[in-house]
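Worksheet: one structure, shown below.
The values are calculated or read from the model by the stated rules, or taken from the named source; none is laboratory data. Predicted model only: the values in this text are computed from it and were never measured. Note that we place each Cβ from the backbone using ideal geometry, even for glycine, and neighbour counts take in every protein chain shown. Remember, those area values only see protein heavy atoms, side chains included, never the ligands or the DNA or RNA. Shrake-Rupley method; radii C 1.70, N 1.55, O 1.52, S 1.80 Å.
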Amino acid sequence: MVSTASSFFESLLQITMEGLFADPIYGGNRNKAGWRMVGYPGLPAVYSKLIDEYRDKRYIAEPQSIADFS
């Protein structure tokens, strides 16, 4: 049986990660800080055109969220 404290901290970790890495339009990840931390470029799937150009190179882009396209 899982202890109450263990269940609580597992849930706390899960919702913290969801808030840190979710799209900022939902209220977490202020200023896209979580995305910048891991190098995630954001929402749009337009990066596929750049795959060959940036293969084995670091791709640096300003993250874009849903709100940036509204």
Looking at segment 45-68 only, could you name the residues that are touching a residue at least 24 places away in the same chain (Cβ under 8 Å) and surrounded by 13 or more Cβ atoms within 10 Å (Cβ to Cβ)? PRO63, SER65, ILE66, ASP68
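Looking at this structure, is GLU18 acidic (Asp, Glu) and exposed (fewer than 12 other Cβ atoms within 10 Å of the Cβ)?
No.
Could you please find all residues in segment 22-36 being loosely packed, with under 15 Cβ neighbours inside 10 Å and within 9 Å of the chain's Cα centre (by Cα)? Before the answer, list the steps.
Keep residues of segment 22-36 that are loosely packed, with under 15 Cβ neighbours inside 10 Å, which gives 25-27, 30-31, 33, 36.
The answer is ALA33, ARG36.
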Among all residue pairs at least 6 apart or on different chains, which show Cβ distances below 7 Å where the first residue, located in segment 1-25, is modelled with pLDDT under 95 and of a type outside the set (Gly, Ala, Ser) and the second is open to solvent by less than 80 Å² (accessible area, probe 1.4 Å) and in a helix (DSSP H, G or I)? LEU20/GLY34; PHE21/GLY34; ASP23/ILE66; PRO24/LYS32; PRO24/ALA67; ILE25/ILE66; ILE25/ALA67
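Here's a check for you: in segment 1-12, which residue that is in a helix (DSSP H, G or I) and of a type in the set (S, T, N, Q) is most open to solvent (accessible area, probe 1.4 Å)? Outline the logic, then answer.
Within segment 1-12, the first condition is being in a helix (DSSP H, G or I), and the residues that meet it are 4-12.
Among the residues that remain, those that are also of a type in the set (S, T, N, Q) are: 4, 6-7, 11.
Numbers: THR4: 121, SER6: 44, SER7: 50, SER11: 66 Å².
Top of the filtered list is THR4.
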Just for segment 28-41: of the residues that are part of a helix (DSSP H, G or I), touching a Pro at 6+ places or on another chain (Cβ under 7 Å) and touching a residue at least 12 places away in the same chain (Cβ under 8 Å), which one is farthest from ILE66 (Cα to Cα)? ARG36
Which residue, of ILE60, ILE15, ILE25, is in a loop (DSSP other than H, G, I, E, B) and of a type in the set (A, V, I, L, M)? ILE60
